[in-house]
1. What trypsin sites (Lys or Arg not before Pro) does segment 100-153 have in DSSP loop regions with at most 14 other beta carbons within 10 Å?
2. Pairs Lys67/Lys410; Lys347/Lys395; Lys222/Lys347; Lys272/Lys475; Lys350/Lys379: which exceed 23 Å Cα-Cα?
3. On a straight-distance basis, which aspartates and glutamates could pair with Lys53 in a cross-link, Cα separation under 16 angstrom, same-chain partners fewer than 8 positions away excluded?
4. With both bridge residues required to lie in the chain, what share of the DSSP beta bridges run antiparallel, to the nearest 5%?
5. Compare the Cα positions of Ile398, Thr368, Leu334 along the charge dipole of segment 259-453 (+1 at Cβ of Lys, Arg; -1 at Cβ of Asp, Glu; about the Cα centre) and return the one farthest towards the positive end.
6. Take the alpha carbon gyration tensor of segment 485-544, find the square roots of its eigenvalues, order them as a ≥ b ≥ c, and report rounded if a/c is under 1.5; if not, report prolate when a/b exceeds b/c, else oblate.
7. If you put +1 on each Lys and Arg Cβ and -1 on each Asp and Glu Cβ, how big is the dipole of segment 467-612 around its Cα centre, in Debye rounded to 20?
8. Return the ratio Rg/(2.2 N^0.38 Å) for segment 411-505, where Rg is computed over Cα atoms only.
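What follows is calculated from the coordinates using simple rules that are stated; it is not laboratory data. Bear in mind the structure is a predicted one, so any value in this text is a computation, not a measurement. A quick note on method: Cβ atoms are made from the backbone with ideal geometry, for glycine too, and the neighbour counts reach across all protein chains shown.
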Amino acid sequence: MRRLNSLCGIFASVGESDVSELIIDGLSKLEYRGYDSAGICLEDLDEDFKILKTSDSQYPVNILRKKIRSVERKFFSGIGHTRWATHGSVSNLNAHPHLSYSNNLSIVHNGIVENYNFLKKLLSRKGVELKTQTDSEVIANLIELQIPCSKDISSAIFSIFKLIEGINTVAVMHKNYPNKIFGFSSDDSGGLLVGKSSTNYFLSSDAYALNNICDSVYSTNKNELITISNQCIEITDMNSEKITPKKLSFESVDRSDLYSESSTNFNFLIEKEIVEQKEILKNLINFRILHNKNTAFPEIDKNILLESKKIIFTGMGSSHNAALFGSLIYEEILGIDSKAEFSSELKHKKIINPAQTTLFAISQSGETADTLEAIKNCKSQGVNVISIVQEKNSKASIKSDIVIPLNTGKEKSVAATKTFSSTLLTLSALAIDHLRILNGDLNLVEKLKNNYQSLDNTILDIYSLFDSKIENSSKLISNSDRVFFIGKSINFPIAKEGALKLQEISKINSNAFTEGELKHGPNALLDSSTTVISIIGPEDDIKKSIGSIREILSRGSNLVVISHEQNYELKNLVDHFFVIENKNKYAFSILATIILQKLAFYSSRNLGLNPDRPDNLAKTVTVE
């Protein structure tokens with residue numbers, strides 16, 4: 001079985017200012033990419049390395065900061081790393097940075113060395129034995145061995161990456177090259193950005209970590225060697241030709257969140273991000289739906305939409321659930337052939353009639369490896385690609401023809417909340433605007449638009465009126481062995497998202513089914529240790545739903561119902577009953593999502609878990 005070393009954050013700096021706190025600040029913004037361990041390698045004026053690591057906390061960067069402050073020296077060059085352990089156990093030994101056999105070279109790494117076993121044997125034949133369980137150490141030792149055979153370290157790095165298989169990004173320091181840091185990415189996914197301030201130069205996995213410290217930020221491409229020193233940035237290709245990097249515009253660098261990073265009133269980031277949805281969705285509704293402009297999406301060339309005969313929506317995880325919602329809303333409102341695909345499957349598929357197909361690629365980070373590969377595959381066949389992302393400087397944005405930003409502010413908790421609901425609303429607004437462009441049913445356009453007007457007030461009701469009820473229902477869920485989520489039509493992807501959220505942050509075995517599917521297998525698991533959460537939308541046949549609910553109750557299972565109306569028969573059947581009074585089934589689905597998020601949050605807390613940092617997951621998945 002292939003083990004992955006991935007989902008990590010890299011931050012490096014060199015310059016006139018002491019880099020230790022700068023790197024720690026950068027790592028704190030990259031901790032969402034991995035929080036099993038953190039480490040830093042600093043070079044002092046005597047060209048010695050000072051390495052500090054920690055793997056003893058869910059917040060390792062905070063521990064690392066304390067360690068740094070106890071060192072009474074200044075450092076002007078350094079590389080840092082946050083790790084998600086998937087190749088080698090969580091330990092200080094396996095934490096990055098890693099040293100080469102000579103202790104002269106230090107490396108931090110994000111990616112997979114797919115031919116690790118072969119390269120490990122190659123090193124062993126040359127008398128180099130590894131000290132750690134990681135594949136990252138292989139790269140450090142190979143580069144060190146190659147330097148005497150090359151004209152310089154740059155040539156050595158290029159040579160070694162011709163041997164290494166897989167998607168990999170590194171930052172490298174060497175004692176023979178003081179005040180210089182070298183960066184390299186073998187693929188666009190998980191690559192590096194370069195930043196420049198008045199005193200220092202930086203490498204980072206994410207533009208967000210360069211916020212407020214850089215005057216300029218540059219993107220880089222695969223197979224380019226980046227060299228930052230205390231004097232300049234230099235980028236070269238494999239032929240040693242210098243490359244001028246693309247400077248990202250000041251406006252495109254997300255320098256500050258639209259919504260405050262302060263979590264003073266909250267114990268967890270996910271709490272804050274759930275609450276922020278009211279304001280975010282209100283702003284989105286005003287900007288994308290209740291507008292008086294010619295179009296809600298000036299980013300999009302309307303001819304692309306007019307010529308599209310087929311729409312593909314793609315994503316992974318929560319983004320795939322949003323993609324499924326998008327495909328259903330497009331089919332229902334526009335009658336256009338639409339489907340949702342997992343990016344991991346779409347990246348291999350041949351597209352039928354690509355010239356008349358549009359791809360909506362959904363990725364919160366814009367760095368999801370499978371989604372980038374799906375974009376690449378579709379573009380190579382002539383498909384128009386529109387990406388829906390939160391990170392505007394992401395690889396997905398660069399690779400796509402058109403970019404639609406979510407504008408939610410940075411989402412730092414691992415589980416998607418505000419980005420998911422914002423994506424649903426954005427997809428709803430896209431369908432409405434697309435219908436208008438096609439000169440469709442304009443009465444339906446106005447009806448759909450008007451039904452979103454009171455959405456923010458209903459969200460407020462969920463926060464204020466339902467909160468204690470949701471917390472009470474969560475006790476039922478957290479005491480269950482398994483939880484089923486059921487929903488019909490447009491609410492099936494909402495059920496899937498509810499199940500995913502509960503899995504992620506509560507570690508409860510949960511699955512989603514269409515209501516009619518229960519009797520075709522899942523009923524075998526219904527008993528008193530099972531809780532079923534049923535979502536009944538405005539256009540669902542409530543009599544049939546009641547029939548399914550009676551069947552579930554007859555098996556002794558527990559029930560939580562989210563409905564669009566005060567149905568007294570339902571109310572008398574179940575103790576945990578939530579009513580969202582909104583006749584627009586698409587708006588209802590978005591509102592139901594927020595209840596499911598809060599159920600998952602409270603369930604996680606009932607079990608004593610940290611909902612911001614679930615086990616074995618990370619925010620950004622930069623490997624396939």
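1. Working: sites: Lys120, Lys121, Arg125, Lys126, Lys131, Lys151; in loops: Lys126, Lys131, Lys151.
For trypsin sites (Lys or Arg not before Pro) across segment 100-153 that sit outside H, G, I, E and B with at most 14 neighbouring Cβ atoms in 10 Å, the list reads Lys126, Lys131, Lys151.
2. Beyond 23 Å: Lys67/Lys410.
3. Reachable aspartates and glutamates: Glu21, Asp25, Glu31, Asp36, Glu43, Glu137.
4. Of those bridges, close to 60 percent are antiparallel.
5. Selected residue: Ile398.
6. Numbers: a/c = 2.16, a/b = 1.26, b/c = 1.72.
Oblate, since a/c reaches 1.5 and b/c is not below a/b.
7. Its charge dipole is roughly 100 debye.
8. Details: Rg = 16.8 Å, N = 95, 2.2 N^0.38 = 12.4 Å.
For segment 411-505, the normalised Cα radius of gyration comes out at 1.35.
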